[in-house]
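Beneath this line is the structure, given in structure tokens, with notes to follow.
The values are calculated or read from the model by the stated rules, or taken from the named source; none is laboratory data. Quick caveat: nothing in here was measured; it's all calculated off a predicted structure. Virtual Cβ from ideal backbone geometry, glycine too; neighbours counted across all protein chains shown. In case anyone asks, the SASA skips ligands and DNA or RNA and just uses the protein heavy atoms, side chains included. Shrake-Rupley method; radii C 1.70, N 1.55, O 1.52, S 1.80 Å.
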Amino acid sequence: MQVPMLDLKEQYQNLKTEIHASLEDVMSSSTFILGKNVKKLEQDVADYSNVKYGVGVASGSDALHISLLGCGVEEGDEVITTAFTFFATAGAIGRINAKPVFVDIDPKTFNIDPTKIEAAITEKTKAIIPVHLYGQMADMDPIVEIAKKHNLAIIEDAAQAIGATYKGKKVGELGTTACYSFFPTKNLGAYGDAGMIVTDDEAIAEKMSVIRVHGSKPKYYHHVLGYNSRLDELQAAILNVKFPHLDDWSNLRREKAHTYNQLINEQLSDVIVTPFEEEHNHHIFHQYTLRVQDRDELQSYLKDHGVSTMVYYPKPLHLQPVFEYLGYKEGDLPVTEKACQEALSLPMFPELKQEQQSYVVEQIANFYKEKAKA
Ligand SMILES: *Cc1c(COP(=O)(O)O)cnc(C)c1O
């Protein structure tokens, strides 16, 4: 049996007629930039996030970059975040010549550890970027409290967490802004790059929507330095077809996650830790990520037996060559560094079959059996 990490083909086949009609409509109307599809998606995603404004941009990475600019973060400022995330989180900070300040993570959720934030604050700190990793929101109450006390913006990196909740609050409700990615592999994926920022702050929303069109308002009059970063109308047309299915898909992911939990905990609880879901969180399982022993060996065994898996993330950001100038060294973020050795994500998508899940866990069990014999 072959089990891919992700298979987008079945979803496309199911929605093909509607998607083609939606694309055809855009092409016939020939409004390709910031047309009615982008407008509709911005409104729908803002409503879904319980906030007023959505600003469609070219990618999740640009959503982070433009959020920082929208929140007034400038060269030389410091922004606190985690080193256990996709590169773009810290890349966005570096791109504006601000300084990423990394704090360690909570070993259970892999999200930023709020108890470590205050010690990292200096007078240059302007913002915190909590990342809602794998589809579970970070522990927002203490983060909101610290941000209030020190007058910091909160930019939620929600690239993996559209639809997740924390104590009944949606992504976007607790941050100054929240950033979504519609990269094809995300829970709500376009057929190319796309992203969106949501916020309840009118002035910030306005500033960000000007920045994405070269800082131009009215057209050809420039008061701020922006650039070209718009959510493409054709991508929005696809996303408008997919968006009404998002919650169903995320619920299917949750079911698959609970099936994995059950299968793994029955027989492998001594060598594997299944994902920890805070009771007050609604986890949307963008990734289903285990902590395992002998991770690299297990991964290559699974590969040989037809099961693809991924390591998110093998190298923490504080030890990446591009951030060498920040002066971090091995041992600075021990919980993060350990997670980089142990994390393994299993195949996860709404169309994943029960037989595939059983096969994956059977192969994992075989690996540890063979290992015990050797
Ligand atoms: C995917 C992702 C991004 C970047 O989104 P793009 O749309 O690929 O630019 C940022 N942060 C996290 C945590 C992500 O997973």
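Evaluated at q = 0.08, 0.12 Å⁻¹, a Debye calculation over the C-alpha positions of the chain (equal weights, vacuum) places log10 I(q)/I(0) at -0.41, -0.92. Cross-link check: pairs LYS40/LYS186; LYS170/LYS256; LYS170/LYS217; LYS40/LYS170; LYS108/LYS303; LYS16/LYS169 evaluated at a Cα-Cα cut-off of 24 Å; pairs beyond the cut-off: LYS170/LYS217; LYS108/LYS303; LYS16/LYS169. For the range 246-373, carbon and sulfur atoms together expose 47% of the accessible surface, with a 1.4 angstrom probe and every protein chain in place. Name the most mobile residue of ILE80, ILE19, ILE112, meaning the one with the largest mean-square fluctuation, in a Gaussian network model of the chain with Cα contacts below 10 Å. Most flexible of the set in this elastic network: ILE19.
Would you mind working out the accessible area per residue for the range 246-373, using a 1.4 Å probe, and quoting it in Å²?
48
From the alpha carbon centroid of the range 81-155 to that of the range 279-302 is 22 Å. Short to long, the 5 Å bins of the Cα pair-distance histogram for the range 246-373 hold 2, 10, 18, 20, 18, 13, 10, 6, 3, 0 percent of all pairs. For the pair the range 5-50 / the range 194-255, the C-alpha centres are spaced 13 Å from each other.
Highest GNM mean-square fluctuation among SER59, SER67, SER345, for the chain modelled with Cα contacts below 10 Å: SER345.
Applying a DSSP loop filter and a limit of 14 other Cβ atoms within 10 Å to the GluC sites (Glu not before Pro) in the range 38-124 leaves GLU74, GLU75, GLU123.
Secondary structure note: in the chain, about 60% of the DSSP beta bridges are antiparallel.
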